[in-house]
1. Could you identify the single residue in GLY781, GLY773 that is open to solvent by less than 70 Å² (accessible area, probe 1.4 Å) and assigned to a strand (DSSP E or B)?
2. When the residues of the stretch 545-571 are narrowed to those that are within 46 Å of the chain's Cα centre (by Cα) and over 14 Å from LEU528 (Cβ atoms), which ends up modelled with the lowest pLDDT?
3. So, in the stretch 718-762, of the ones that are of a type in the set (Ser, Thr, Tyr) and part of a strand (DSSP E or B), which residue ends up modelled with the lowest pLDDT?
4. Read through the list (1) part of a loop (DSSP other than H, G, I, E, B); (2) more than 27 Å from PHE100 (Cα to Cα), then give the number of the only condition that GLN695 fails.
5. If you go through the stretch 71-94, how many residues are closer than 24 Å to PHE350 by Cβ and either among the hydrophobic types (A, V, I, L, M, F, W, C) or open to solvent by less than 10 Å² (accessible area, probe 1.4 Å) (or both)?
6. Being modelled with pLDDT under 95 and either among the polar types (S, T, N, Q) or in contact with a helix residue (DSSP H, G or I) (Cβ under 8 Å, 6 or more places away or on another chain) (or both) is the requirement here; does THR797 meet it?
7. For residues in the stretch 219-269 being under 24 Å from VAL896 (Cα atoms), among the charged types (D, E, K, R) and modelled with pLDDT under 95, which is most open to solvent (accessible area, probe 1.4 Å)?
8. Considering every residue within the stretch 629-647, establish whether at least one is open to solvent by 10 Å² or more (accessible area, probe 1.4 Å), β-branched (Val, Ile, Thr) and either in contact with a strand residue (DSSP E or B) (Cβ under 6 Å, 6 or more places away or on another chain) or not in a strand (DSSP E or B) (or both).
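The values are calculated or read from the model by the stated rules, or taken from the named source; none is laboratory data. Being a predicted model, the structure only gives us computed values, none of them experimental. Using ideal geometry, Cβ is built from the backbone for each residue, glycine included, and neighbour counts are taken over all protein chains shown. Accessible surface areas use protein heavy atoms only, side chains included; no ligands, DNA or RNA. Shrake-Rupley method; radii C 1.70, N 1.55, O 1.52, S 1.80 Å.
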Amino acid sequence: MSPLWQGFLLCCLLCNTTLGFPPNAIQGEDKTQSHFSLTLSAVFQSTAAFLVQYKLVNNTGKPPSQIVQEYFGTDQESYSNYIGIIRRIIGYENNIQKDFANIAFYHVNGEQIELAHNHIRSLRQNIKTLSNTTSDAILEEIREKIGAAIYTIQEFYSNTNWIELNGPVVYKEFGQENVTLEEIADPQDDTCADCAYLEGLELCDNNIQGGKLTSGYKSGQDVTKPIRQGLTGKCSHGSSDDETRYDTATGGIYKGRSVETEAPHYRLHGEASDAALDATEYFLIGEERGLLSLVGEEVFRDVFGIRTREDVVHTSLTFVIDVTGSMGDDIQAVITATQRIVTEAKDSNFVPENYVLVTFSDPASLTNGRMTTDPQEMLTWLKGLSVSGGGDCAEYAMSGMLLGIQKSNPKSKIYLCTDADAKDEERADEVTAALKAKELTPIYLLTGQCSRRKRDSEGSHLQRVKRSSLQVFQRIAEETGGRVYETTVTALETIVETEIRDTFPSSNVLITWFVFPANSQPLENISLPVDSHIESLKIVVTGVTAIRGEFDLFYPNGSSVLFLSGDELKNLLKDVLTLSIKNPIAGTWVLLRNTARAWTVNVTAQSQIDFSTSILVRGKGYDSYMLTGNPLRGFNYSIVVDIQNESTNISCDNIVLLDDERQEVAEIPVTRRGIQEITSCVGSYTPILKSSYVQINGTDEFGNRYLRTQVFTILPASIELRIQPVSGDLRMNEQTNISFSLTNTGDSTEDFIVTISKGKESVDVQTGRLEAGQVYNAVVGVTPDSLNSILLEFSVTLKNYTGVVQLETRRYSVTDTRTADCTVINYPPMCPIDSLNSVNCSSYNWTGLVEVSSSTIRLSTIVVSTDEVIIEHDKITTANFSLPILIRGDCCVQSVLISILDKDGYFDRCRFQLSNEPFLIVQTTTATMTTNHPSVEPQEGISLMLIGIVVGSILAAVIVLVVAAVLIYKAKSNRRHDDILPLQ
């Protein structure tokens with residue numbers, strides 16, 4: 001990408017303007033559909049259709065939301081994951097809308113319809129290629145590209161005249177391969193007439209001219225509206241922040257809002273949003289053209305998280321453990337983590353079918369395996385393991401893996417734990433083939449290697465052996481979708497717990513927790529709200545020494561729980577007391593603390609009711625976007641809680657933020673809105689202090705109080721990180737400079753460190769000092785050496801401060817250098833101020849030179865954004881690889897965009913921005929103002945002034961200037977400058 005493009009993007013980085021459908025709901029505009037509502041509804045509808053098509057749910061004729069909920073059932077964890085994926089896809093849409101506000105084709109503005117079409121084509125091709133590998137990272141990259149495609153698809157219906165020409169139907173060819181698009185207006189075609197006025201209001205109902213496809217031009221974007229005089233010209237976008245709406249043709253065709261003062265074609269908002277929703281569903285599952293056909297059933301399910309834990313009940317939980325002498329601590333970590341998860345999931349419907357334990361050491365004949373369907377028996381086996389031997393370090397890990405594979409059900413995970421290398425690594429290919437045959441996923445937990453380990457044997461230390469099987473384990477994992485952890489015994493317990501939590505889905509939600517220090521007041525009543533949606537209640541108390549005397553638990557009616565039935569269990573393991581109540585009575589339960597010992601109480605439940613949290617940052621006007629990174633201290637945000645699977649009669653009272661010690665940081669009043677059985681509770685929020693938890697409360701449909709808590713760390717910062725977006729892909733073997741900035745929004749000097757990394761590799765580290773209010777601008781150079789996408793992490797830390805104050809990631813796709821490319825060779829001089837009016841502009845000429853290239857250049861197309869320039873070049877059909885293009889024009893044209901589009905849909909653009917100053921249109925002929933609406937009179941005062949113009953005289957010139965001044969004044973008086981309002 002040329003430096004000129006980068007500069008243009010940097011100037012417009014903060015230009016969060018009205019583009020199409022708003023990113024999220026707008027307060028007071030219940031009829032306005034947003035990208036959030038459109039995408040959420042479309043994904044639900046597509047998911048419901050998918051579930052019915054593949055007979056995963058019976059076709060009951062229920063609404064899509066009920067079909068989806070029927071599929072997930074009691075598996076709240078999987079349902080939350082599904083909702084989270086949709087939220088992230090919408091977040092990727094937000095990023096396009098926010099970061100590329102100035103690039104017309106993303107929003108299908110400025111008649112860039114063909115480029116938008118090819119942009120979607122390119123995204124589809126990339127998704128298809130990526131779907132051949134489905135690691136977690138690849139799946140997330142696919143979701144990001146889906147979000148980008150959906151955004152542009154939806155904008156098509158807001159910003160073009162498709163709805164005016166065809167009504168609320170889907171344009172099925174848009175973004176597809178091997179299709180012919182509808183005829184698009186030529187640069188010389190006038191596509192709109194001036195809108196009429198009545199009592200100061202714009203009336204644009206019938207301003208479309210002709211039957212060709214067009215879209216409006218918007219001020220501040222990279223394609224500028226051609227100058228016209230008279231009453232017809234190119235259409236403007238027409239939103240309230242669009243300066244071109246006052247130029248011929250006045251008004252616009254935007255219909256992304258339902259409010260008369262914000263969208264010229266607001267009456268068509270309903271039809272536009274209906275078509276956008278249907279088009280999104282068509283993109284996902286439509287008629288052998290959708291994403292489903294492109295990537296296949298299994299990848300489609302993985303991309304959107306359409307999987308329940310029902311899959312788990314057919315799998316095995318398999319451990320392959322090294323039992324040589326040094327493994328005692330490792331095995332204890334595995335036991336502790338496994339026992340915690342098994343206990344937590346006790347009442348779940350989704351547990352593995354069987355449990356496999358394989359042990360290995362040296363020689364291979366000591367490899368043993370056994371299987372059970374009882375998780376408690378598995379725990380007994382683990383506790384009974386004994387360790388011995390292992391003098392020469394390397395052990396028979398591959399033999400252990402092969403026995404584990406043999407005993408495991410298909411599509412299971414196998415956890416291998418060792419602190420040594422594989423003595424039989426020559427069997428690695430055999431292991432890889434066996435894993436692939438049963439679709440098993442290996443998880444390697446390595447706490448040592450022979451190249452860095454000494455073992456004790458009969459009291460003597462053996463010499464270190466210089467060998468390592470790490471690369472062997474890594475190669476197997478890469479080929480089978482597994483993972484390798486090089487860790488310590490200390491960290492092993494946490495890793496095992498994190499990993500097997502997916503295998504033991506408990507659907508547990510956190511209700512609340514309490515911390516009581518030692519010697520605090522005994523005989524405390526701890527209130528525990530239980531609502532009608534809780535299926536199983538679990539209370540875990542750390543710090544209990546005896547099963548009797550230190551506690552009592554009471555029902556909502558005040559009677560004591562005696563734990564006499566199988567539905568009421570208590571268990572004390574070491575100092576951890578676990579109380580389990582199946583199908584608890586709704587109401588307020590009470591736990592009595594009858595001791596001065598230190599207690600930590602965690603209350604969890606199995607429930608279909610849970611929530612997720614996000615923060616919205618407010619853009620210009622009414623737009624709001626999902627926040628990436630930490631919020632800025634003292635600035636205004638909105639905090640959003642999405643409650644899933646909740647009844648329509650449940651209340652949402654407030655949001656409470658808590659710190660690590662359970663102290664209240666903020667209580668946030670909320671308002672409520674609902675889409676597809678998901679209720680969003682939204683409140684205004686000004687972050688000041690750190691918080692670690694978010695808690696919501698209210699009453700269920702039966703009047704019982706509900707409470708839910710989640711870990712959600714908010715670290716208010718005084719350093720703002722902004723990463724400049726890159727338009728288009730990076731080029732392989734070519735350096736791209738990615739710009740970023742830090743702003744000190746606080747009132748003290750900060751010493752900062754910015755670390756940019758790619759995976760485990762550090763790309764750049766920059767340090768400096770920022771005074772209050774100061775900005776640090778910098779770049780990082782990136783040169784891709786393969787076509788794999790690059791995920792960069794930007795981390796900001798401060799001197800003398802523990803922790804990361806800002807952390808953001810950006811993913812960049814990489815394109816082959818042989819695809820379409822446009823490079824500026826000679827940039828024309830900027831137009832002087834004297835030339836920036838319609839009388840003088842033609843007297844100031846300029847010349848520029850660009851070079852386009854492509855391996856398929858003879859089959860490529862060159863497009864120029866205006867016909868008011870002259871282009872000179874050789875025949876493209878005889879070009880070899882590149883082609884120089886000379887562009888001549890005058891200062892009547894302030895912006896020119898040159899695009900090359902190759903046969904595969906790849907494109908690149910060069911832009912000449914010849915002035916950033918306003919252009920004055922001076923009318924030199926008498927014009928009679930007309931209206932396109934027969935019942936509307938011209939705006940009062942304008943026609944009277946125009947009557948007084950006398951053509952060809954000096955007095956006429958004076959009057960023309962007066963007219964221009966009055967028109968500018970009236971235009972400015974009609975512009976709306978709203979303050980930012982709280983979001984709801």
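1. Numbers: GLY773 fails: assigned to a strand (DSSP E or B).
After ruling out the rest, the residue left standing is GLY781.
2. Selected residue: GLY566.
3. SER762
4. The failed condition is (1).
5. Number of matching residues: 9.
6. On the way: modelled with pLDDT under 95: no; either among the polar types (S, T, N, Q) or in contact with a helix residue (DSSP H, G or I) (Cβ under 8 Å, 6 or more places away or on another chain) (or both): yes.
No, not satisfied.
7. GLU243
8. So far as the stretch 629-647 goes, no, none of its residues is open to solvent by 10 Å² or more (accessible area, probe 1.4 Å), β-branched (Val, Ile, Thr) and either in contact with a strand residue (DSSP E or B) (Cβ under 6 Å, 6 or more places away or on another chain) or not in a strand (DSSP E or B) (or both).
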